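What follows is a single structure, written as structure tokens, with notes after it.
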Amino acid sequence: MIHSAITGTGSCLPERVVTNQELEETVDTTDQWIRERTGILQRHIAGEKETTALMGAKAAREALDAAELAPDDVDMIVLATTTPDRIFPGTACHIQRELGTPVCPAFDVQAVCSGFIYGLDIARRFIMTGGGDTVLVIGSEVLSRIVDWSDRSTCVLFGDGAGAVVLQARDEPGILSTHLHADGRYDHLLQVSPEVNGAFIEMKGNEVFRMAVNTLGRIVDETLEANQMDRHEVDWLVPHQANHRIIAATARKLDLPMERVVVTVDQHGNTSAASVPLALNQAVRDGRIQPGDVLMLEAFGGGFTWGSALIRY
């Protein structure tokens with residue numbers, strides 16, 4: 001049986017950093033409120049030339065370098081994004097052009113904050129069925145362009161960035177399992193509608209918070225049960241970075257101390273599909289995550305969509 005494993009990670013963050021104190025000057029909020037409610041201290045905001053495609057390509061190059069591979073080795077590109085550079089063609093095709101990969105499948109996945117987990121699942125199945133040996137899975141977002149900067153309830157939450165992984169065929173499993181779900185009955189709680197509010201992010205925060213905590217708790221149980229694994233066998237939680245309180249609730253479900261949870265929400269804010277690969281790359285690069293460690297990746301986002309991946313790194 002063909003398996004798959006992550007062999008390289010990469011990331012890209014815009015140069016501009018916007019602190020909570022800077023937001024205090026433009027919107028009716030405070031640094032203290034943002035810290036206490038979300039855990040966010042700052043976020044990166046893309047400049048005019050820092051596009052979804054260019055940031056995604058930069059993160060992908062870094063991941064390929066880490067895997068000691070070249071663009072010529074890539075068999076497929078899966079881009080998770082909520083903020084494509086154009087309606088069409090897909091931004092994955094722009095990344096393919098930037099990287100100079102051979103002609104291969106390249107497409108976008110739209111599952112909002114769960115997009116990277118969805119992309120990882122697709123890539124894993126592509127490799128398992130013999131479709132190719134090497135897949136780039138990228139999450140890249142410029143959420144600042146769909147944020148209403150006068151809405152104090154949402155503008156403090158989001159940031160821009162990109163993260164990427166290389167997934168390669170292996171004889172032994174690295175990706176142990178992936179689990180995906182969606183429930184469209186709750187789409188109105190977190191959305192961007194072109195007919196409302198100028199096509200900006202709209203969110204009913206309290207309702208989303210409750211759903212996220214309950215849903216992520218259930219998917220932790222589902223993932224462990226599917227692998228006949230005890231929660232104490234998980235070494236690291238690498239969660240979607242939306243809110244420190246949601247992250248802490250999931251850590252309690254796993255009985256993991258916060259020292260074993262990768263937290264970047266304080267520095268990045270919520271970068272939607274980019275948040276999980278950004279967090280993963282940071283923990284790999286600083287040496288916290290080591291070969292053989294068992295990782296629980298999870299995310300919850302608009303749709304509602306949610307998903308998890310259990311990985312032996």
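The values are calculated or read from the model by the stated rules, or taken from the named source; none is laboratory data. As the structure is a prediction and not an experimental result, all values here were calculated from the model. In this analysis, Cβ positions are derived from the backbone assuming ideal geometry, glycine residues included, and neighbour counts consider all displayed protein chains. Areas reflect the complete protein model, heavy atoms only, side chains present, ligands, DNA and RNA absent. Shrake-Rupley method; radii C 1.70, N 1.55, O 1.52, S 1.80 Å.
Couple of notes before you dig in:
- Members of the range 230-245 that are open to solvent by 10 Å² or more (accessible area, probe 1.4 Å), under 23 Å from L190 (Cβ atoms) and assigned to a loop (DSSP other than H, G, I, E, B): H240, A242, N243
- Unique match (being open to solvent by 20 Å² or more (accessible area, probe 1.4 Å) and within 24 Å of E22 (Cβ to Cβ)) among R145, R97: R145
- Matching residues, the range 239-288, being within 17 Å of V137 (Cβ to Cβ) and among the β-branched types (V, I, T): T271, V276, V284
- Just one residue in the set L216, L278 is assigned to a helix (DSSP H, G or I), aliphatic (A, V, I, L, M) and touching a His at 6+ places or on another chain (Cβ under 8 Å); that residue is L278.
- Each residue in the range 24-36 was checked for being touching a residue at least 40 places away in the same chain (Cβ under 8 Å) and either surrounded by fewer than 21 Cβ atoms within 10 Å (Cβ to Cβ) or among the charged types (D, E, K, R) (or both), and 4 pass.
Here is a yes/no grid of residues against (1) within 30 Å of A248 (Cβ to Cβ); (2) at pLDDT 95 or above; (3) not hydrophobic (A, V, I, L, M, F, W, C):
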{"site": "M1", "(1), (2), (3)": "no, no, no"}
{"site": "A5", "(1), (2), (3)": "yes, yes, no"}
{"site": "R16", "(1), (2), (3)": "yes, yes, yes"}
{"site": "A53", "(1), (2), (3)": "no, yes, no"}
{"site": "E62", "(1), (2), (3)": "yes, yes, yes"}
{"site": "P105", "(1), (2), (3)": "no, yes, yes"}
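- Residue list for the range 158-181, restricted to those being aliphatic (A, V, I, L, M) and either open to solvent by 20 Å² or more (accessible area, probe 1.4 Å) or at pLDDT below 95 (or both): A169, L176, L180
- Under the condition of being crowded, with 23+ Cβ neighbours inside 10 Å, farther than 19 Å from N281 by Cα and in contact with an Asp or Glu (Cβ under 9 Å, 6 or more places away or on another chain), the residues counted in the range 52-82 number 1.
- Top-ranked residue of the range 274-301 - restricted to ones that are in contact with a Ser or Thr (Cβ under 8 Å, 6 or more places away or on another chain) and polar (S, T, N, Q), ranked as surrounded by the most Cβ atoms within 10 Å (Cβ to Cβ): S275
- Complete set of residues in the range 142-164 that are touching a Gly at 6+ places or on another chain (Cβ under 9 Å) and not in a strand (DSSP E or B): L143, S144, D148, S153, T154, V156, L157, G159
- Of the residues making up the range 110-133, none is part of a strand (DSSP E or B), open to solvent by less than 40 Å² (accessible area, probe 1.4 Å) and among the hydrophobic types (A, V, I, L, M, F, W, C).
- For G139: the one exception among (1) open to solvent by less than 10 Å² (accessible area, probe 1.4 Å); (2) in a helix (DSSP H, G or I): (2)
- Close pairs from the range 206-229: first open to solvent by less than 60 Å² (accessible area, probe 1.4 Å), partner among the hydroxyl-bearing types (S, T, Y) and not in a helix (DSSP H, G or I), Cβ under 6 Å, at least 6 apart: I219/S308; T223/S308; N227/S177
- Scanning the range 302-312 for residues that are outside any strand (DSSP E or B) and surrounded by fewer than 20 Cβ atoms within 10 Å (Cβ to Cβ) returns no hits.
- Scanning the range 44-98 for residues that are under 21 Å from H268 (Cα atoms) and among the hydroxyl-bearing types (S, T, Y) yields T51, T52, T81, T82, T83.
- Any hit, the range 246-258, residues being within 18 Å of the chain's Cα centre (by Cα), modelled with pLDDT of 95 or more, open to solvent by 40 Å² or more (accessible area, probe 1.4 Å) and of a type outside the set (D, E, K, R): no
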